[in-house]
1. Which residue pairs have Cβ atoms closer than 9 Å, lie 6 or more positions apart in sequence or on different chains, and pair a first residue in the range 224-249 that is free of Cβ contacts under 8 Å to residues at least 12 places away in the same chain with a second residue that is part of a helix (DSSP H, G or I) and surrounded by fewer than 16 Cβ atoms within 10 Å (Cβ to Cβ)?
2. Restricting attention to the range 257-272, which residues are modelled with pLDDT of 95 or more, among the hydrophobic types (A, V, I, L, M, F, W, C) and under 15 Å from the mean Cα position of the chain (by Cα)?
3. When residues of the range 154-191 are filtered for being under 17 Å from Thr84 (Cα atoms) and in a strand (DSSP E or B), how many remain?
4. Being in contact (Cβ under 8 Å) with a residue 40 or more places away in the chain and closer than 13 Å to Arg105 by Cβ is the filter; apply it to the range 133-143 and report the residue that is nearest to the chain's Cα centre (by Cα).
5. Looking only at the range 186-209, which residues are in contact with a helix residue (DSSP H, G or I) (Cβ under 7 Å, 6 or more places away or on another chain) and within 17 Å of Gln20 (Cα to Cα)?
6. Looking at this structure, is Lys33 surrounded by fewer than 19 Cβ atoms within 10 Å (Cβ to Cβ) and not polar (S, T, N, Q)?
7. For the range 231-246, does any single residue satisfy the condition of being more than 22 Å from Ile305 (Cβ to Cβ), in contact with a strand residue (DSSP E or B) (Cβ under 9 Å, 6 or more places away or on another chain) and either of a type outside the set (A, V, I, L, M, F, W, C) or in a helix (DSSP H, G or I) (or both)?
8. Got at least one residue in the range 59-81 being in contact with an Asp or Glu (Cβ under 7 Å, 6 or more places away or on another chain) and at pLDDT 95 or above?
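The values are calculated or read from the model by the stated rules, or taken from the named source; none is laboratory data. None of these values were measured; they are calculated from a predicted model. Ideal geometry is used to build each Cβ from the backbone, glycine not excepted, and the neighbour counts take in all protein chains shown.
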Amino acid sequence: MKYADIDGCKISKMTLGTVQLGMNYGIANKTGKPSREKAFEILNTAAGGGVNSFDTANAYGDSEDVLGRYFCSPQCKVRRPFFTTKFKLGLPAEADRYTVEREIRSFAEKSLERLKINKIQVYMLHNAIAMSRYGDTVPETLKKLKNEGLVEKAGVSVYNPEEVDKMLENELYEAVQIPMNVFDLKMVRSGALNKLKNAGYIVFVRSVFLQGLFFMEPGQMPESLASTSEYLKQLHKLAQEEGLSIAQLALSFIRDLEGVTCLVLGAETPEQVEENIRLMEGPGLKRSTVERIESLSEKTPVETIMKELHSRWRR
């Protein structure tokens, strides 16, 4: 496992995404939320493979609780896990400063309790709109939590380049989580990824496999995504011609982009964790392959795909 050096702390280039440990998630998820025993197996496999970075959120069911219990258990193989967790504010825009600050503190305290830690390494806004919806209350509260030693770094989970630009206006934020995959390269084309690199951000990339969509056969596509099957066929064909699995093609492309710190990869089983670790050590892509992927991405209706995936997740 390769590592990134973050202020003297080494974190694995693969971050285990744990939304699947707390709830049913992903269009290709066939097993559902794992039992506590199976969740511990997944975490044990990740830790045994050198993974020490874990992504969660208070909105991911009981994911934080599962992580906290595992890292206090005798079978835990990681001494100092690096946690990224997120909080989502659902308060009305007219909420007063006291209410907003109290809400954020409550979320932080509950995450600390569930994770059984004294400090959150990266604490992220789960809804980027909260950066400005409540004036300066949110960043000021996060600054207080940092000064009190409860949070190491503040960050934001974003969806688009416009949110990246908004985040970059405030020096408080030092980490970001962005969606990116071979179908969705707006962060690259817009220059957002390069801006983050130049600003020295920790950049976590989620949705590398588009919630498992890349692993589906074109004929398995839901009717609402039938128009996407042609693009998926082209991606599968490209991987076959390059002698790579679809997973290796998709992962290597994103892994090797300049400015990417870690890939957030979820898993439903220990075997999937082992496979993801193996993929992280896989080969890079030829320049001609990179260019073919970029060309395919420009033609793919990614916004339509994402709307359908989000609607299916909420059902």
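1. Sorted first by the residue in the range 224-249, then by its partner, the pairs are Ser229/Gly219; Ser229/Gln220.
2. Across the range 257-272, the qualifying residues are Val260, Cys262, Leu263, Val264, Leu265.
3. Residues in the range 154-191 being under 17 Å from Thr84 (Cα atoms) and in a strand (DSSP E or B): 11 in total.
4. So the residue we want is Val138.
5. Val205, Val208, Phe209 - these are the residues of the range 186-209 that are in contact with a helix residue (DSSP H, G or I) (Cβ under 7 Å, 6 or more places away or on another chain) and within 17 Å of Gln20 (Cα to Cα).
6. Answer is no for this residue.
7. Scanning the range 231-246, I find no residue that is more than 22 Å from Ile305 (Cβ to Cβ), in contact with a strand residue (DSSP E or B) (Cβ under 9 Å, 6 or more places away or on another chain) and either of a type outside the set (A, V, I, L, M, F, W, C) or in a helix (DSSP H, G or I) (or both), so the answer is no.
8. As a first pass, look at the range 59-81 and keep what is in contact with an Asp or Glu (Cβ under 7 Å, 6 or more places away or on another chain): none.
No - not one qualifying residue is present in the range 59-81.
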